[in-house]
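Below you'll find the structure, written out as structure tokens, and then a few comments.
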Amino acid sequence: MAVIHRIRLGTCNTYLIQGNNGYVLVDAGNSNKVTVFFSNLRKHNISPDSIKLIVITHVHFDHVGSLSAIKNICKCPVAIHQREAQLLREGKVVIPPGTNLWGKTVSYIGERIAGIGFIKFNAVEPDIVISREMFLEEFGVNGSIIPTPGHTYGSMSVVLPTGEAFVGDLAVNFIGSVFPPFAENGREVTISWRKLVSLGANTIFPGHGHPFNVNLLKEKTRVPHEIIIPGRQLS
Ligand SMILES: [Zn+2]
Ligand SMILES: [Zn+2]
């Protein structure tokens, strides 16, 4: 099983996945959390230059807030899906639509706050723009980045052959639900969940809340175990 460090930067979890000669970081948390990030690195005895890649699951302000500052210090490439790249380049804040009453209310308020410029993050030029599965061997990690649209159309997850899946906001673990309270396409969310299950995911590491067993996603989608998505199997 891979060594994983979960570091909370504001409301968002970021994850360090240990590889052969360094780490891959998934997401970069809220703004102004760079001190928290590097004090956590020190605590785990990890040097900034051992971070080989930052994978951004999607460009929402709570996942890219400290990206610019972290990248400047770690000097590592940033990978993003093609459909999110422009948002990152422009530092553009997008408030997604809500999928339940709570999400719709927060989304409504968020739109107004964003409209007056209260929510922002520093733009970052992505180094690696992808549109399909990308393997992480080059960065020392046995696993891959796969597109998992739904929360946003350009959302991605990192999946390891040992079953850990880092999913951004494709699934959450708070207020009693794993379905994201915000999504650009709810149907795509469940299709992406099925994809994770078919790839052998066993533990979901969400952007918000504690990691949880993939069975919670299976129960919601009633995924038949024999479903196999065409393409390479991770294990
Ligand atoms: Zn999000
Ligand atoms: Zn989020």
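The values are calculated or read from the model by the stated rules, or taken from the named source; none is laboratory data. Since we're looking at a predicted model, the values are computed, not measured. Because the Cβ atoms are built from the backbone with ideal geometry, glycine has one as well, and the counts that use them run over all protein chains shown. Remember, those area values only see protein heavy atoms, side chains included, never the ligands or the DNA or RNA. Shrake-Rupley method; radii C 1.70, N 1.55, O 1.52, S 1.80 Å.
Considering only residues that are of a type in the set (Asp, Glu) and within 17 Å of Ile80 (Cβ to Cβ), look in segment 143-185 and name the one that is farthest from ligand 1 (Cβ to nearest atom). Taking the candidates together, the pick is Glu184.
More than 16 Å from ligand 2 (Cβ to nearest atom), touching a helix residue (DSSP H, G or I) at 6+ places or on another chain (Cβ under 9 Å) and more than 24 Å from Glu138 (Cβ to Cβ): is that true of Phe61 in this structure?
no
The set of residues in segment 107-133 that are closer than 19 Å to Leu25 by Cα and open to solvent by less than 30 Å² (accessible area, probe 1.4 Å) comprises Phe121, Val124, Pro126, Ile130. Determine whether Asn173 is touching a Pro at 6+ places or on another chain (Cβ under 9 Å), under 17 Å from Ile4 (Cβ atoms), modelled with pLDDT of 90 or more and of a type outside the set (A, V, I, L, M). The answer is yes for Asn173.
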